[in-house]
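Asker: Take a look at this one; I'll ask things after.
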Amino acid sequence: MITIEQLKEAKDRVDALNHYLDIDAKVIQLEEEQLRTQAPGFWDDAKKAEEQMKKVKGLEKWIEGYKGVKLLVDELELAFDFYKDDMVTEEEVDEAYAKTIAAIEELELKNMLRQEEDIMACVLKINSGAGGTESQDWASMLMRMYMRYAEANDYKVNISNLQDGDEAGIKTVTMEIEGDYAYGYLKSENGVHRLVRVSPYNAQGKRMTSFASVFVTPLVDDTIEVYVDPSKISWDLFRSGGAGGQNVNKVETGVRLRYQYKDPDTGEEEEILIENTESRKQLENRENAMRLLRSQLYDRALQKKKAAQAKIEAGKKKIEWGSQIRSYVFDDRRVKDHRTGYQTSDVNGVMDGKIDGFIKAYLMEFSEQDAQA
(Lines give C-alpha, C1' and ligand atoms only; values in the text may rest on other atoms or scores of the structure.)
Protein backbone atom coordinates (compact mmCIF):
# COMPACT_ATOMS: atom_id res chain seq x y z
CA MET A 1 0.00 0.00 0.00
CA ILE A 2 1.35 3.42 -0.92
CA THR A 3 2.05 6.00 1.76
CA ILE A 4 0.76 9.55 2.14
CA GLU A 5 4.30 10.71 1.28
CA GLN A 6 4.18 8.87 -2.04
CA LEU A 7 0.83 10.44 -2.86
CA LYS A 8 2.19 13.89 -2.00
CA GLU A 9 5.26 13.31 -4.16
CA ALA A 10 3.08 12.35 -7.15
CA LYS A 11 0.99 15.52 -6.70
CA ASP A 12 4.12 17.65 -6.41
CA ARG A 13 5.54 16.19 -9.64
CA VAL A 14 2.31 17.01 -11.49
CA ASP A 15 2.38 20.55 -10.12
CA ALA A 16 6.00 20.85 -11.25
CA LEU A 17 5.01 19.71 -14.75
CA ASN A 18 2.35 22.41 -14.84
CA HIS A 19 5.10 24.93 -14.10
CA TYR A 20 7.75 23.52 -16.47
CA LEU A 21 5.33 23.09 -19.35
CA ASP A 22 3.69 26.48 -18.67
CA ILE A 23 0.28 24.96 -19.34
CA ASP A 24 -1.71 28.16 -18.72
CA ALA A 25 0.31 30.01 -21.35
CA LYS A 26 -0.05 27.09 -23.77
CA VAL A 27 -3.84 27.16 -23.39
CA ILE A 28 -3.91 30.85 -24.32
CA GLN A 29 -1.48 30.28 -27.20
CA LEU A 30 -3.61 27.40 -28.50
CA GLU A 31 -6.69 29.64 -28.67
CA GLU A 32 -4.71 32.23 -30.64
CA GLU A 33 -3.27 29.65 -33.03
CA GLN A 34 -6.69 28.07 -33.61
CA LEU A 35 -8.11 31.49 -34.50
CA ARG A 36 -5.46 31.81 -37.23
CA THR A 37 -6.73 28.59 -38.84
CA GLN A 38 -10.16 30.20 -39.23
CA ALA A 39 -8.89 33.15 -41.24
CA PRO A 40 -10.26 33.52 -44.81
CA GLY A 41 -7.97 31.92 -47.39
CA PHE A 42 -6.12 29.92 -44.72
CA TRP A 43 -5.72 26.91 -47.03
CA ASP A 44 -4.62 28.96 -50.05
CA ASP A 45 -1.01 28.37 -49.05
CA ALA A 46 -0.98 24.64 -48.31
CA LYS A 47 2.57 24.55 -46.96
CA LYS A 48 2.01 27.44 -44.57
CA ALA A 49 -1.32 25.95 -43.48
CA GLU A 50 0.37 22.62 -42.78
CA GLU A 51 2.95 24.34 -40.58
CA GLN A 52 0.19 26.11 -38.66
CA MET A 53 -1.79 22.90 -38.13
CA LYS A 54 1.36 21.17 -36.89
CA LYS A 55 1.81 23.98 -34.35
CA VAL A 56 -1.82 23.61 -33.19
CA LYS A 57 -1.55 19.83 -32.82
CA GLY A 58 1.72 20.19 -30.92
CA LEU A 59 0.12 22.50 -28.36
CA GLU A 60 -2.92 20.23 -28.07
CA LYS A 61 -0.71 17.23 -27.30
CA TRP A 62 1.10 19.02 -24.46
CA ILE A 63 -2.15 20.26 -22.93
CA GLU A 64 -3.92 16.91 -23.25
CA GLY A 65 -0.86 15.14 -21.89
CA TYR A 66 -0.86 17.32 -18.78
CA LYS A 67 -4.63 16.97 -18.34
CA GLY A 68 -4.18 13.20 -18.51
CA VAL A 69 -1.65 13.01 -15.66
CA LYS A 70 -3.61 15.56 -13.61
CA LEU A 71 -6.73 13.38 -13.92
CA LEU A 72 -4.78 10.29 -12.89
CA VAL A 73 -3.31 11.90 -9.77
CA ASP A 74 -6.76 13.23 -8.80
CA GLU A 75 -8.21 9.71 -9.19
CA LEU A 76 -5.31 8.32 -7.15
CA GLU A 77 -6.03 10.75 -4.32
CA LEU A 78 -9.70 9.76 -4.45
CA ALA A 79 -8.81 6.05 -4.34
CA PHE A 80 -6.52 6.70 -1.37
CA ASP A 81 -9.42 8.31 0.51
CA PHE A 82 -11.84 5.56 -0.54
CA TYR A 83 -9.45 2.94 0.87
CA LYS A 84 -9.85 4.51 4.33
CA ASP A 85 -13.59 3.81 4.04
CA ASP A 86 -13.03 0.26 2.70
CA MET A 87 -14.54 1.22 -0.68
CA VAL A 88 -11.50 0.06 -2.70
CA THR A 89 -8.82 -2.54 -2.06
CA GLU A 90 -5.14 -2.00 -1.33
CA GLU A 91 -4.27 -3.64 -4.68
CA GLU A 92 -6.50 -1.18 -6.56
CA VAL A 93 -4.78 1.79 -4.92
CA ASP A 94 -1.32 0.41 -5.73
CA GLU A 95 -2.40 -0.28 -9.31
CA ALA A 96 -3.66 3.32 -9.67
CA TYR A 97 -0.36 4.59 -8.22
CA ALA A 98 1.73 2.55 -10.68
CA LYS A 99 -0.36 3.82 -13.60
CA THR A 100 -0.05 7.43 -12.41
CA ILE A 101 3.73 7.28 -11.92
CA ALA A 102 4.23 5.70 -15.36
CA ALA A 103 2.22 8.52 -17.00
CA ILE A 104 4.10 11.20 -15.03
CA GLU A 105 7.49 9.74 -16.00
CA GLU A 106 6.47 9.57 -19.67
CA LEU A 107 5.47 13.26 -19.69
CA GLU A 108 8.61 14.23 -17.74
CA LEU A 109 10.71 12.41 -20.32
CA LYS A 110 8.92 14.11 -23.20
CA ASN A 111 9.52 17.46 -21.50
CA MET A 112 13.25 16.82 -21.99
CA LEU A 113 12.72 16.80 -25.75
CA ARG A 114 12.55 20.53 -26.39
CA GLN A 115 14.55 20.90 -29.59
CA GLU A 116 12.87 21.61 -32.93
CA GLU A 117 14.18 18.35 -34.39
CA ASP A 118 13.20 16.13 -31.43
CA ILE A 119 9.59 15.73 -32.53
CA MET A 120 10.59 14.57 -36.02
CA ALA A 121 10.67 11.09 -37.49
CA CYS A 122 14.18 9.71 -38.01
CA VAL A 123 16.48 7.81 -40.34
CA LEU A 124 18.36 5.04 -38.55
CA LYS A 125 21.26 3.41 -40.39
CA ILE A 126 23.17 0.36 -39.17
CA ASN A 127 26.56 -0.66 -40.61
CA SER A 128 28.30 -3.88 -39.65
CA GLY A 129 31.90 -3.51 -38.50
CA ALA A 130 34.98 -5.52 -39.40
CA GLY A 131 34.64 -9.20 -38.62
CA GLY A 132 32.66 -10.69 -41.48
CA THR A 133 29.75 -12.97 -40.64
CA GLU A 134 29.86 -12.35 -36.88
CA SER A 135 29.53 -8.56 -37.15
CA GLN A 136 26.96 -8.87 -39.96
CA ASP A 137 24.86 -11.12 -37.73
CA TRP A 138 25.21 -8.54 -34.93
CA ALA A 139 23.99 -5.79 -37.28
CA SER A 140 20.88 -7.84 -38.10
CA MET A 141 20.22 -8.35 -34.37
CA LEU A 142 20.35 -4.60 -33.82
CA MET A 143 18.00 -4.10 -36.77
CA ARG A 144 15.51 -6.49 -35.14
CA MET A 145 15.92 -4.70 -31.78
CA TYR A 146 15.01 -1.32 -33.24
CA MET A 147 12.13 -2.77 -35.23
CA ARG A 148 10.71 -4.29 -32.05
CA TYR A 149 11.16 -0.97 -30.23
CA ALA A 150 9.33 0.83 -33.04
CA GLU A 151 6.53 -1.73 -32.99
CA ALA A 152 6.07 -1.34 -29.22
CA ASN A 153 5.80 2.46 -29.63
CA ASP A 154 3.42 2.34 -32.62
CA TYR A 155 6.06 3.76 -34.96
CA LYS A 156 5.98 2.95 -38.66
CA VAL A 157 9.17 1.48 -40.17
CA ASN A 158 10.14 1.65 -43.85
CA ILE A 159 13.34 -0.04 -45.04
CA SER A 160 14.81 2.15 -47.78
CA ASN A 161 17.99 0.15 -48.33
CA LEU A 162 19.14 -3.30 -47.20
CA GLN A 163 22.27 -5.26 -48.13
CA ASP A 164 22.41 -8.86 -46.96
CA GLY A 165 25.54 -10.34 -45.42
CA ASP A 166 27.76 -12.80 -47.24
CA GLU A 167 26.59 -15.83 -45.23
CA ALA A 168 24.25 -14.45 -42.58
CA GLY A 169 23.02 -11.14 -41.20
CA ILE A 170 23.30 -7.82 -43.01
CA LYS A 171 26.06 -5.49 -44.14
CA THR A 172 23.95 -2.36 -43.88
CA VAL A 173 20.35 -1.23 -43.52
CA THR A 174 18.66 2.16 -43.65
CA MET A 175 15.33 2.43 -41.85
CA GLU A 176 12.92 5.35 -41.80
CA ILE A 177 11.10 5.36 -38.46
CA GLU A 178 8.02 7.57 -38.50
CA GLY A 179 6.14 8.81 -35.46
CA ASP A 180 6.15 11.68 -32.98
CA TYR A 181 9.49 12.12 -31.17
CA ALA A 182 11.12 9.16 -32.94
CA TYR A 183 14.31 11.20 -33.40
CA GLY A 184 14.15 12.68 -29.90
CA TYR A 185 14.18 9.24 -28.33
CA LEU A 186 16.42 7.36 -30.76
CA LYS A 187 19.15 10.00 -31.03
CA SER A 188 20.53 8.33 -27.91
CA GLU A 189 21.46 5.31 -30.06
CA ASN A 190 24.07 7.17 -32.14
CA GLY A 191 27.45 5.45 -31.96
CA VAL A 192 29.19 2.09 -31.93
CA HIS A 193 27.48 -0.89 -30.31
CA ARG A 194 29.74 -3.70 -29.05
CA LEU A 195 28.71 -7.36 -28.73
CA VAL A 196 30.61 -9.95 -26.67
CA ARG A 197 29.42 -13.55 -26.92
CA VAL A 198 30.39 -17.14 -27.67
CA SER A 199 30.03 -17.07 -31.42
CA PRO A 200 27.80 -19.66 -33.12
CA TYR A 201 29.95 -19.11 -36.23
CA ASN A 202 33.19 -20.12 -34.51
CA ALA A 203 33.97 -23.84 -34.60
CA GLN A 204 36.10 -23.63 -31.44
CA GLY A 205 33.27 -21.94 -29.52
CA LYS A 206 35.44 -18.96 -28.66
CA ARG A 207 34.21 -15.76 -27.08
CA MET A 208 34.25 -13.07 -29.74
CA THR A 209 33.76 -9.31 -29.88
CA SER A 210 31.84 -7.67 -32.71
CA PHE A 211 30.97 -4.09 -33.55
CA ALA A 212 28.23 -2.31 -35.49
CA SER A 213 27.70 1.41 -35.91
CA VAL A 214 24.35 3.15 -35.64
CA PHE A 215 23.67 6.58 -37.15
CA VAL A 216 20.44 8.43 -36.39
CA THR A 217 19.40 11.60 -38.21
CA PRO A 218 16.12 13.60 -38.22
CA LEU A 219 13.86 12.79 -41.16
CA VAL A 220 12.91 16.16 -42.58
CA ASP A 221 9.60 16.89 -44.28
CA ASP A 222 8.52 19.59 -46.71
CA THR A 223 8.07 22.14 -43.92
CA ILE A 224 11.82 22.14 -43.17
CA GLU A 225 13.93 24.35 -45.41
CA VAL A 226 17.18 22.65 -46.49
CA TYR A 227 19.24 23.94 -49.41
CA VAL A 228 20.40 21.32 -51.90
CA ASP A 229 22.64 22.48 -54.76
CA PRO A 230 21.29 20.70 -57.87
CA SER A 231 24.64 21.10 -59.66
CA LYS A 232 26.28 18.86 -57.04
CA ILE A 233 23.92 15.91 -57.67
CA SER A 234 24.51 12.90 -59.93
CA TRP A 235 22.52 9.68 -60.29
CA ASP A 236 23.28 6.01 -60.97
CA LEU A 237 20.63 3.40 -61.70
CA PHE A 238 20.81 -0.31 -60.86
CA ARG A 239 18.63 -3.35 -60.53
CA SER A 240 17.29 -3.77 -57.02
CA GLY A 241 17.86 -7.05 -55.20
CA GLY A 242 14.89 -9.29 -54.58
CA ALA A 243 13.29 -12.63 -55.31
CA GLY A 244 13.70 -13.92 -58.87
CA GLY A 245 11.04 -12.86 -61.34
CA GLN A 246 9.98 -9.75 -59.47
CA ASN A 247 9.76 -6.45 -61.32
CA VAL A 248 12.55 -5.02 -59.16
CA ASN A 249 14.94 -7.53 -60.73
CA LYS A 250 13.92 -6.89 -64.34
CA VAL A 251 14.31 -3.12 -64.60
CA GLU A 252 16.63 -0.53 -63.11
CA THR A 253 14.43 0.77 -60.31
CA GLY A 254 17.16 1.16 -57.68
CA VAL A 255 18.82 4.59 -57.51
CA ARG A 256 22.17 5.73 -56.20
CA LEU A 257 22.44 9.44 -55.41
CA ARG A 258 25.86 11.08 -55.25
CA TYR A 259 26.12 14.55 -53.73
CA GLN A 260 29.38 16.50 -53.70
CA TYR A 261 29.17 18.17 -50.31
CA LYS A 262 31.44 21.07 -49.41
CA ASP A 263 31.73 22.11 -45.79
CA PRO A 264 30.85 25.84 -45.68
CA ASP A 265 33.29 26.44 -42.80
CA THR A 266 36.35 24.34 -43.62
CA GLY A 267 35.98 24.03 -47.38
CA GLU A 268 36.53 20.25 -47.14
CA GLU A 269 34.76 18.23 -49.83
CA GLU A 270 33.06 14.89 -49.36
CA GLU A 271 30.79 12.69 -51.43
CA ILE A 272 27.50 11.75 -49.78
CA LEU A 273 26.26 8.45 -51.18
CA ILE A 274 22.64 7.34 -50.75
CA GLU A 275 21.05 4.21 -52.20
CA ASN A 276 17.31 3.64 -52.29
CA THR A 277 15.45 0.49 -53.34
CA GLU A 278 12.30 1.02 -51.29
CA SER A 279 9.88 1.23 -54.23
CA ARG A 280 9.45 -0.62 -57.52
CA LYS A 281 9.17 2.76 -59.22
CA GLN A 282 12.34 4.64 -60.07
CA LEU A 283 10.73 8.07 -59.63
CA GLU A 284 9.58 7.25 -56.08
CA ASN A 285 13.06 5.96 -55.20
CA ARG A 286 14.54 9.24 -56.50
CA GLU A 287 12.15 11.24 -54.31
CA ASN A 288 12.99 9.09 -51.27
CA ALA A 289 16.72 9.44 -51.91
CA MET A 290 16.36 13.23 -52.08
CA ARG A 291 14.46 13.23 -48.78
CA LEU A 292 17.26 11.21 -47.17
CA LEU A 293 19.83 13.65 -48.58
CA ARG A 294 17.96 16.62 -47.12
CA SER A 295 17.82 14.79 -43.79
CA GLN A 296 21.59 14.26 -43.81
CA LEU A 297 22.29 17.89 -44.67
CA TYR A 298 19.94 19.05 -41.92
CA ASP A 299 21.65 16.76 -39.43
CA ARG A 300 25.08 18.11 -40.36
CA ALA A 301 23.88 21.60 -39.48
CA LEU A 302 22.68 20.27 -36.10
CA GLN A 303 26.03 18.59 -35.42
CA LYS A 304 27.84 21.88 -36.11
CA LYS A 305 25.69 23.59 -33.48
CA LYS A 306 26.43 20.86 -30.96
CA ALA A 307 30.16 20.92 -31.78
CA ALA A 308 30.25 24.67 -31.16
CA GLN A 309 28.57 24.20 -27.79
CA ALA A 310 30.98 21.38 -26.92
CA LYS A 311 33.92 23.76 -27.38
CA ILE A 312 32.32 26.25 -25.03
CA GLU A 313 31.67 23.54 -22.44
CA ALA A 314 34.96 21.68 -22.93
CA GLY A 315 35.04 20.71 -19.28
CA LYS A 316 31.81 18.78 -19.50
CA LYS A 317 31.43 15.16 -20.57
CA LYS A 318 31.03 15.01 -24.34
CA ILE A 319 29.33 12.58 -26.68
CA GLU A 320 31.64 11.92 -29.59
CA TRP A 321 29.99 10.99 -32.87
CA GLY A 322 30.72 7.35 -33.62
CA SER A 323 32.22 6.57 -30.18
CA GLN A 324 31.59 3.23 -28.49
CA ILE A 325 28.46 3.84 -26.47
CA ARG A 326 27.19 0.48 -25.28
CA SER A 327 28.35 -3.08 -24.63
CA TYR A 328 26.13 -6.14 -24.83
CA VAL A 329 27.84 -9.01 -22.97
CA PHE A 330 25.65 -12.05 -23.48
CA ASP A 331 27.58 -14.55 -21.30
CA ASP A 332 27.58 -12.22 -18.30
CA ARG A 333 23.94 -11.26 -18.83
CA ARG A 334 24.78 -7.57 -18.93
CA VAL A 335 24.11 -4.60 -21.19
CA LYS A 336 25.86 -1.39 -20.15
CA ASP A 337 25.82 2.14 -21.56
CA HIS A 338 29.26 3.67 -21.16
CA ARG A 339 28.02 7.27 -21.33
CA THR A 340 25.52 7.15 -18.48
CA GLY A 341 26.57 4.04 -16.55
CA TYR A 342 23.04 2.63 -16.86
CA GLN A 343 22.99 -1.16 -17.14
CA THR A 344 20.61 -4.10 -16.99
CA SER A 345 20.82 -7.89 -16.78
CA ASP A 346 17.73 -8.33 -18.97
CA VAL A 347 19.67 -9.06 -22.16
CA ASN A 348 16.75 -10.83 -23.85
CA GLY A 349 14.43 -7.93 -23.07
CA VAL A 350 16.88 -5.41 -24.55
CA MET A 351 17.27 -7.45 -27.73
CA ASP A 352 13.45 -7.53 -27.93
CA GLY A 353 13.41 -3.73 -28.06
CA LYS A 354 13.12 -2.82 -24.38
CA ILE A 355 15.64 0.03 -24.48
CA ASP A 356 13.56 2.69 -22.72
CA GLY A 357 15.82 2.61 -19.66
CA PHE A 358 18.87 3.50 -21.75
CA ILE A 359 16.97 6.25 -23.56
CA LYS A 360 15.68 7.76 -20.31
CA ALA A 361 19.15 7.70 -18.69
CA TYR A 362 20.64 9.44 -21.74
CA LEU A 363 17.99 12.15 -21.84
CA MET A 364 18.22 12.79 -18.10
CA GLU A 365 21.98 13.29 -18.37
CA PHE A 366 22.33 15.08 -21.68
CA SER A 367 19.02 16.78 -22.56
CA GLU A 368 19.97 19.99 -20.74
CA GLN A 369 23.30 20.09 -22.58
CA ASP A 370 21.47 19.64 -25.90
CA ALA A 371 19.02 22.41 -24.96
CA GLN A 372 21.88 24.83 -24.29
CA ALA A 373 23.47 23.87 -27.62
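The values are calculated or read from the model by the stated rules, or taken from the named source; none is laboratory data. From a predicted model like this one, the values you see are computed outputs, not experimental measurements. Virtual Cβ from ideal backbone geometry, glycine too; neighbours counted across all protein chains shown. Calculation scope for accessible area: heavy atoms of the full protein, side chains included, ligands and nucleic acids excluded. Shrake-Rupley method; radii C 1.70, N 1.55, O 1.52, S 1.80 Å.
Asker: Considering every residue within the range 30-39, establish whether at least one is polar (S, T, N, Q) and closer than 22 Å to Glu108 by Cα.
Answerer: No, the range 30-39 has no match at all.
Asker: Looking at Lys187 and the list (1) over 12 Å from the mean Cα position of the chain (by Cα); (2) among the charged types (D, E, K, R); (3) farther than 30 Å from Gln6 by Cβ, which single condition is not satisfied?
Answerer: Here Lys187 clears every test but (1).
Asker: A further question on this structure: Out of the residues in the range 280-311 meeting the condition of being in contact with a Ser or Thr (Cβ under 7 Å, 6 or more places away or on another chain) and at pLDDT 85 or above, tell me which one is most open to solvent (accessible area, probe 1.4 Å).
Answerer: Among residues in the range 280-311 that are in contact with a Ser or Thr (Cβ under 7 Å, 6 or more places away or on another chain) and at pLDDT 85 or above, the one most open to solvent (accessible area, probe 1.4 Å) is Lys281.
Asker: For the condition of a type in the set (Gly, Ala, Ser), at positive phi and open to solvent by 10 Å² or more (accessible area, probe 1.4 Å), what is the one hit in Gly191, Gly169?
Answerer: Of Gly191, Gly169, the one residue that is of a type in the set (Gly, Ala, Ser), at positive phi and open to solvent by 10 Å² or more (accessible area, probe 1.4 Å) is Gly169.
Asker: Filter the range 43-87 down to the residues that are closer than 18 Å to Asp22 by Cβ and in contact (Cβ under 8 Å) with a residue 60 or more places away in the chain and list them by number.
Answerer: Those that are closer than 18 Å to Asp22 by Cβ and in contact (Cβ under 8 Å) with a residue 60 or more places away in the chain: Gly58, Lys61.
Asker: So which of Asp221, Asp154, Asp118 is assigned to a loop (DSSP other than H, G, I, E, B), within 18 Å of the chain's Cα centre (by Cα) and under 18 Å from Asp352 (Cβ atoms)?
Answerer: After applying the criteria, what remains is Asp154.
Asker: May I pose another question? Identify the residue in the range 157-188 that is of a type in the set (Ser, Thr, Tyr) and assigned to a strand (DSSP E or B) and, among all such residues, is farthest from Lys354 (Cα to Cα).
Answerer: The selected residue is Ser160.
Asker: Taking the residues in the range 107-148 that are open to solvent by 20 Å² or more (accessible area, probe 1.4 Å) and free of Cβ contacts under 8 Å to residues at least 40 places away in the same chain as candidates, determine which candidate is farthest from Gln324 (Cα to Cα).
Answerer: Glu116
Asker: Hey, among Lys187, Lys171, Lys232, Lys206, which residue is of a type outside the set (Val, Ile, Thr) and more than 22 Å from Gln296 (Cα to Cα)?
Answerer: Lys206
Asker: Let me ask something additional. Considering only the range 73-115, state which residues are within 17 Å of Leu186 (Cα to Cα), part of a helix (DSSP H, G or I) and of a type in the set (A, V, I, L, M).
Answerer: Those that are within 17 Å of Leu186 (Cα to Cα), part of a helix (DSSP H, G or I) and of a type in the set (A, V, I, L, M): Leu107, Leu109.
Asker: With the condition kept exactly as written, say whether any residue in the range 23-42 is over 30 Å from Asp221 (Cα atoms), at pLDDT 95 or above, open to solvent by less than 30 Å² (accessible area, probe 1.4 Å) and assigned to a helix (DSSP H, G or I).
Answerer: Among the residues of the range 23-42, not one is over 30 Å from Asp221 (Cα atoms), at pLDDT 95 or above, open to solvent by less than 30 Å² (accessible area, probe 1.4 Å) and assigned to a helix (DSSP H, G or I), which makes the answer no.
Asker: Is there a residue in the range 94-103 that is within 14 Å of the chain's Cα centre (by Cα) and either surrounded by 19 or more Cβ atoms within 10 Å (Cβ to Cβ) or under 27 Å from Lys54 (Cβ atoms) (or both)?
Answerer: no
Asker: What number of residues in the range 201-218 are in contact (Cβ under 8 Å) with a residue 24 or more places away in the chain and either open to solvent by less than 30 Å² (accessible area, probe 1.4 Å) or not in a strand (DSSP E or B) (or both)?
Answerer: The total comes to 9.
The rows are residues; the columns are (1) farther than 30 Å from Arg114 by Cβ; (2) not hydrophobic (A, V, I, L, M, F, W, C).
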position: Ser160; (1), (2): no, yes
position: Gly169; (1), (2): yes, yes
position: Ile177; (1), (2): no, no
position: Ala182; (1), (2): no, no
position: Tyr185; (1), (2): no, yes
position: Leu195; (1), (2): yes, no
position: Val198; (1), (2): yes, no
